[in-house]
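Single-structure report; data block below.
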Amino acid sequence: MSETARILALHAGLVALLLVLNFVLPAYPQGNLARIMVLASYAIGYNVLFGYTGLLSLGHAMFFAAGMYGMGLSMRHLGFPAGPALLAGLGAGAALSLVVGLLALRTAGVAFMIVTLMFAQAVYLAILLFGKYTRGDEGFVIPQADRVLAGIDLSDPFNRYFVALALFSFCLFSVLWLIRRPAGRVLVAIRENEERARLLGYDVFAHKLGAVVASGTISALAGAFYGLLFGYAGASFAAVQYSILPLLWVLLGGAGTIIGPFIGTLFMFYLIDLTSGLTSAYMLIAGVALVLLTLFAPQGLAGELRKRLWRWLP
């Protein structure tokens, strides 16, 4: 079997397994897995920038929130149905990522991290400042009657799972296609040695800007679907926590791997879910597990698989 065939078989097999699980899982784990797939789509977007381009952002929650609020506010105040509202959220995330990319990429290293964090804090404070429209810390519920896309009731758990799977599959294979294209190879070259990529004649700024826009747009798409599928938009999704979480998911699963963000999101979600049922100090247990994982699997779970078993893993 060729390398391409093995790569497609692995990722298609994951999607097929998730599809089958919708028919066999009880309601609670089915809902959890739908949530994990949407959050993993967010992590996939983050991985384009951090894992493949080598740019560490501490403000990705602003893109997730831009998609969520672009979708939610257009439904709440403009009367948009679900389809156009999703496009509004996608457009808001793409526009914000373009503006942030043009400004933040004038810096590098630690300065880039700080600038992205500052932009994210500005978005978070703007949500609070315009509480008349956004409902501030409270957020707002998206009515069940409005959560209908192409005649499909997204409040139904079965339908919600299928749409979450469709979103995850789209993000997974889109990034897989991108990374295996010449443009994706250039992003990896920039990550490994930016100056050498520039000497080879590549427009480093344009490729990095494209990575920021692609990453922010995917993250916004995940945010828009999260709000629509689970019926809520709130300022907490724009807070620093939601900028740190995708970084943890990607590091745990394996930065620079296609499948890593899903593995990291799944691992972290259930680690917290299970330990919180055992003790109120569940974050201590989660922290110890994360430290051990960092010590013994520094490349993340998928990264260790690639290092030790599947050298062809993208």
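The values are calculated or read from the model by the stated rules, or taken from the named source; none is laboratory data. Note that this is a predicted model, so its numbers are computed, not measured. Using ideal geometry, Cβ is built from the backbone for each residue, glycine included, and neighbour counts are taken over all protein chains shown.
Brief remarks on what is shown
- Of the helices (runs of 4 or more DSSP H) lying entirely inside the stretch 1-81, those carrying at least 3 residues that are more than 22 Å from the chain's Cα centre (by Cα) and within 28 Å of A95 (Cβ to Cβ) are 61-78.
- Residue pairs whose Cβ atoms lie under 9 Å apart, separated by 6 or more positions or on different chains, with the first residue in the stretch 129-150 and at positive phi and the second among the aromatic types (F, W, Y), are G136/F130; G139/Y232; G139/F237.
- Residue within the stretch 141-161 that is under 18 Å from L14 (Cα atoms) and in contact with a helix residue (DSSP H, G or I) (Cβ under 8 Å, 6 or more places away or on another chain) present: yes
- Y52 under 16 Å from I218 (Cβ atoms) and not β-branched (V, I, T): yes
- In the stretch 170-205, the qualifying residues are those that are small (G, A, S) and more than 25 Å from S243 (Cβ to Cβ), and the one that is surrounded by the fewest Cβ atoms within 10 Å (Cβ to Cβ) is G201.
- Flag for G72 being out of contact with any Asp or Glu (no Cβ under 6 Å at 6 or more places or on another chain), small (G, A, S), over 20 Å from V240 (Cα atoms) and loosely packed, with under 15 Cβ neighbours inside 10 Å: no
- Breaking point among (1) within 22 Å of the chain's Cα centre (by Cα); (2) surrounded by 15 or more Cβ atoms within 10 Å (Cβ to Cβ); (3) of a type outside the set (V, I, T), for L102: (2)
- Selected residue (criterion: nearest to S57 (Cα to Cα)) from residues of the stretch 120-173 that are among the hydroxyl-bearing types (S, T, Y) and at pLDDT 95 or above: Y124
- A single entry from R191, R185 fulfils the requirement of being more than 16 Å from L86 (Cα to Cα), of a type outside the set (D, E) and touching a residue at least 60 places away in the same chain (Cβ under 8 Å): R191.
- Of the residues making up the stretch 132-147, those that are closer than 15 Å to S74 by Cα and either surrounded by 12 or more Cβ atoms within 10 Å (Cβ to Cβ) or touching an Asp or Glu at 6+ places or on another chain (Cβ under 9 Å) (or both) are Y133, T134, R135, G139, F140, V141, I142, D146, R147.
- Of the residues I272, I285, I263, I259, the single one that is in contact with a His (Cβ under 9 Å, 6 or more places away or on another chain) and among the hydrophobic types (A, V, I, L, M, F, W, C) is I259.
- Complete set of residues in the stretch 155-169 that are touching a residue at least 60 places away in the same chain (Cβ under 8 Å) and in a helix (DSSP H, G or I): P157, F158, R160, Y161, F162, V163, A164, L165, L167, F168, S169
- Selection of first residues in the stretch 1-28 that are farther than 17 Å from G260 by Cα and of second residues that are at pLDDT 90 or above and among the charged types (D, E, K, R), restricted to Cβ pairs under 9 Å at least 6 apart or on distinct chains, gives the following pairs, ordered by first then second residue: T4/R180.
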